[in-house]
Amino acid sequence: MGKIFYIAGKSSSGKDTIYRRLLEEGVEQTPLFTAVPYTTRPMRDKEQNGREYFFTDEAGLDRLRRQGKVIEERKYMTWHGPWYYFTADDGQIDLRDRTYLMIGTLESFRAVRDYFGAERVRPVYIELDDGERLQRALNRERAQEQPRFEEMCRRFLADAEDFSEEKIREAGIDRRFYNGELEECLKRIKAYILDETKRRA
């Protein structure tokens, strides 16, 4: 049986880069599949629809809700209005013989784990110290055609609550991966995934 490895971490911890590298490289020639989440926020520079997210609007979200296909959803009040992020049971996931990689918040991890079962959904929590995260976030926004510094600050401050130590414990996170050096972090995550996939669900 396959498993879902769910990447979570504060903004600008490098989790998006780790997610892309793992999908590109796999683990010891074993491919990792993904279920692309959805969002109603605007697409950022260099993002592609269907890669990081499926970009939709609130009407699209409402249609999936009515069909009973929304596994989990989160609403964020931003400087630009409400943005929704959600995961849909849209046929992307088949755990009979595939291993998946997903990415999101602790809240979304818990919802996916509750939906598919804790034995099938394993967390991969990425850490980085706050000073380095803030510098990375600032560098990323400056590189955007239309920087959204207010939203960057809102997300950074919200992370303190969303990823509090209490919520990390409540989510059952028992292992963390520090992303001070990308290649070393990737090496440790790949070893963890390989070890977990050898365990039968």
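Cut-off 10 angstrom, C-alpha nodes, Gaussian network model of the chain. Which of 35, 59, 158 fluctuates the most? Highest fluctuation among the options: 59.
Cα centroid separation, segment 130-201 to segment 34-93: 20 Å.
The structure shown yields percent of Cα pairs over 24 Å apart, and of the options (1) 44; (2) 51; (3) 40 that calculated value carries the label (3). A Förster radius of 30 Å combined with the Cβ-Cβ distance from residue 178 to residue 66 puts the calculated FRET efficiency at roughly 0.10. Within segment 123-197, the ratio Rg/Rh, alpha carbon atoms throughout and Rh by Kirkwood, equals 1.04.
Could you compute Rg(Cα) / (2.2 N^0.38 Å) for segment 45-110, with N its residue count? It is 1.21.
Here the spin labels are modelled as points 7 Å beyond Cα on the Cα-Cβ line, and at residue 54 and residue 138 they lie 3.8 nm apart. From the C-alpha gyration tensor of segment 89-134, pull out the three semi-axes of the equivalent ellipsoid (sqrt of 5λ each), sorted largest to smallest, in whole Å. They are 26, 11, 10 Å, listed from largest to smallest.
Counting only the backbone N, which residues of segment 42-79 are under 12 Å from the spot 7 Å out from the Cα of residue 107 toward its beta-carbon? So the set is 72-78. Placing a pseudo-label 7 Å from each Cα along the Cα-to-Cβ vector at residue 92 and residue 195 gives an inter-label distance of 2.8 nm.
Pairs of Cα atoms under 8 Å, at least six residues apart: use those to get the relative contact order of segment 82-201, whole percent.
Details: 49 pairs, mean separation 38.2, N = 120.
Rounded, it is 32 percent for segment 82-201.
Where a number appears in this text, it was derived from the coordinates with a stated rule and is not lab data. Computed from a prediction, not measured in an experiment: that's the story for all the values here. Because the Cβ atoms are built from the backbone with ideal geometry, glycine has one as well, and the counts that use them run over all protein chains shown.
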